[in-house]
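Student: Following this message is one structure expressed as structure tokens.
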Amino acid sequence: MQSQIRTFVAIKIHPDEKLLRQIRTFKHVLDGERISWVPEDQFHLTLRFIGNTTREQLYELVDRFEILMDEYKSFVLQITGAGYFNSKGQPRVLFVKIADSVVLQKLAASIESNVTAVGFQQELKAFRPHLTLGRIKHLKNKNRFISHLDDLEETEYQKVNVTSFILYQSILRAEGPIYKMIKIFELK
């Protein structure tokens with residue numbers, strides 16, 4: 001193992017047919033735009049990006065998460081609606097929203113406190129649960145993009161039964177990242 005690896009904690013999302021239909025619609029409507037689409041087998045809800053992690057930190061995180069998993073029961077999330085994140089006034093990330101969930105917020109906060117206890121900096125941004133569909137490199141028609149999202153109804157695309165969270169390694173490559181599962185933490 002390298003001296004450090006890039007890690008994050010997430011919930012694996014297996015898209016069902018309704019969500020896949022919406023993704024195909026996005027791809028059709030936004031055909032010709034420079035968007036790097038996330039492969040469907042890599043969909044996940046990030047609970048905490050950790051970053052460069054040493055072997056010792058990795059072992060401590062695993063120990064802490066094994067204790068943490070026993071504090072939570074499985075729960076249900078709803079994927080509903082779509083949105084985008086801006087950077088310098090330009091849409092940069094297309095996502096579907098995760099409906100507000102008290103259990104999800106508590107789980108993310110618990111993971112955050114365990115990550116900081118291991119010595120990582122506290123996350124400064126508020127936790128905004130979402131499922132990234134694509135990273136936008138450039139839009140030829142920004143108004144069409146925004147108009148299409150504004151016209152979408154807040155519809156439920158999928159219910160997700162959350163039975164675990166996963167510690168991943170992120171391996172960066174020119175053709176896109178690879179996410180390798182390090183350990184799955186099963187909820188009660």
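Student: Check cross-link reach from Lys180 to the lysines: straight Cα distance under 30 Å, and skip same-chain residues fewer than eight apart.
Tutor: List returned: Lys12, Lys18, Lys27, Lys73, Lys97, Lys106, Lys125, Lys137, Lys159, Lys188.
Student: Rank these by accessible area, largest first, 1.4 Å probe: Arg144, Arg128, Arg21. Display every interim value, and only then the final one.
Tutor: Details: Arg144 95, Arg128 145, Arg21 120 Å².
Greatest to least solvent exposure: Arg128, Arg21, Arg144.
Student: Here's a follow-up. Would you mind calculating the gained length between Ile178 and Asn141 on full extension (0.36 nm times residue separation, minus the Cα-Cα distance), in nm to one decimal?
Tutor: Length difference between fully extended and current span is 10.3 nm.
Student: Rg/Rh for segment 1-43 to two decimals, with Rh computed the Kirkwood way over all alpha-carbon pairs. Numbers along the way, then the final one.
Tutor: On the way: Rg = 14.8 Å, Rh = 13.0 Å.
With Rh from the inverse mean 1/r over Cα pairs, Rg/Rh is 1.14.
Student: Here's a follow-up. Taking amide hydrogens as modeled 1.01 Å from N in the peptide plane, which residues meet the under 5 Å criterion relative to Tyr72, leaving out close sequence neighbours?
Tutor: It is Lys188, by chain and number.
Student: Considering all alpha-carbon pairs of segment 1-155, what whole percent are spaced by more than 28 angstrom?
Tutor: The calculated P(r) of segment 1-155 puts 30 percent of pairs beyond 28 Å.
Student: Just going by the charge dipole of the chain, with Lys and Arg at +1 and Asp and Glu at -1 on Cβ, which of Phe95, Leu61, Gly119 is farthest out on the positive end?
Tutor: Farthest along the dipole direction, towards plus: Phe95.
Student: From the square roots a ≥ b ≥ c of the eigenvalues of the alpha-carbon gyration tensor of segment 140-188, which class results: rounded (a/c under 1.5), prolate (a/b over b/c), or oblate?
Tutor: Values: a/c = 6.24, a/b = 1.46, b/c = 4.28.
Oblate, because a/c is 1.5 or more while a/b does not exceed b/c.
Student: Still on this model: For segment 82-156, just say rounded, prolate or oblate: build the C-alpha gyration tensor, square-root its eigenvalues into a ≥ b ≥ c, call rounded for a/c under 1.5, and beyond that prolate if a/b exceeds b/c, oblate if not.
Tutor: Working: a/c = 3.81, a/b = 1.78, b/c = 2.14.
In terms of gyration-tensor shape, oblate.
Student: If you take the Cα Rg of segment 29-87 and divide it by 2.2 N^0.38 Å, with N the number of residues, what do you get? Walk me through the numbers on the way to the answer.
Tutor: Numbers: Rg = 17.2 Å, N = 59, 2.2 N^0.38 = 10.4 Å.
Segment 29-87 yields a ratio of 1.66.
Student: Would you mind telling me the share, in percent, of accessible area of the chain contributed by carbon and sulfur at probe 1.4 angstrom? Show your work: numbers first, answer last.
Tutor: Details: 5020 of 10460 Å².
So the carbon and sulfur contribution to the accessible surface is 48 percent.
Student: What FRET efficiency comes out for Leu152 versus Glu123 if R0 is 25 angstrom and r is the Cβ-Cβ distance? Round to the nearest 0.05.
Tutor: Numbers: r = 29 Å, r/R0 = 1.15.
Using R0 = 25 Å, I get an efficiency of 0.30.
Student: Return the Rg/Rh value of segment 61-105, two decimal places, where both radii are evaluated on C-alpha atoms and Rh is the Kirkwood radius.
Tutor: 1.17
Student: By how many nm would the segment from Tyr59 to Lys188 lengthen if fully extended, with 0.36 nm per residue of separation less the alpha-carbon distance?
Tutor: Numbers: separation 129, 0.36 × 129 = 46.44 nm, distance 2.18 nm.
Stretched out fully, the Tyr59 to Lys188 stretch lengthens by 44.3 nm.
Student: Let me ask you something else. What accessible area per residue, rounded to a whole number of Å², is obtained for segment 89-172 using a probe radius of 1.4 Å?
Tutor: On the way: 4530 Å² over 84 residues.
So segment 89-172 comes to 54 Å² accessible per residue, rounded to a whole number.
Student: If the chain between Arg6 and Phe85 were fully stretched, how many nm would it gain, using 0.36 nm times the residue separation less the Cα-Cα distance?
Tutor: Values: separation 79, 0.36 × 79 = 28.44 nm, distance 2.29 nm.
In short, 26.1 nm is gained.
Student: Which far-off residues, 5 or more places away or on another chain, put their amide H under 5 Å from the one on Leu47, with H placed in the peptide plane?
Tutor: Answer set, sorted by chain and number: Val9, Ala10, Ile11.
The values are calculated or read from the model by the stated rules, or taken from the named source; none is laboratory data. Since this is a predicted model, take the numbers as computed values, not measurements. Every residue, glycine as well, gets a Cβ built from its backbone with ideal geometry; the counts of neighbours run over all protein chains shown. These accessible areas exclude ligands, DNA and RNA; they are computed on the full protein's heavy atoms, side chains included. Shrake-Rupley method; radii C 1.70, N 1.55, O 1.52, S 1.80 Å.
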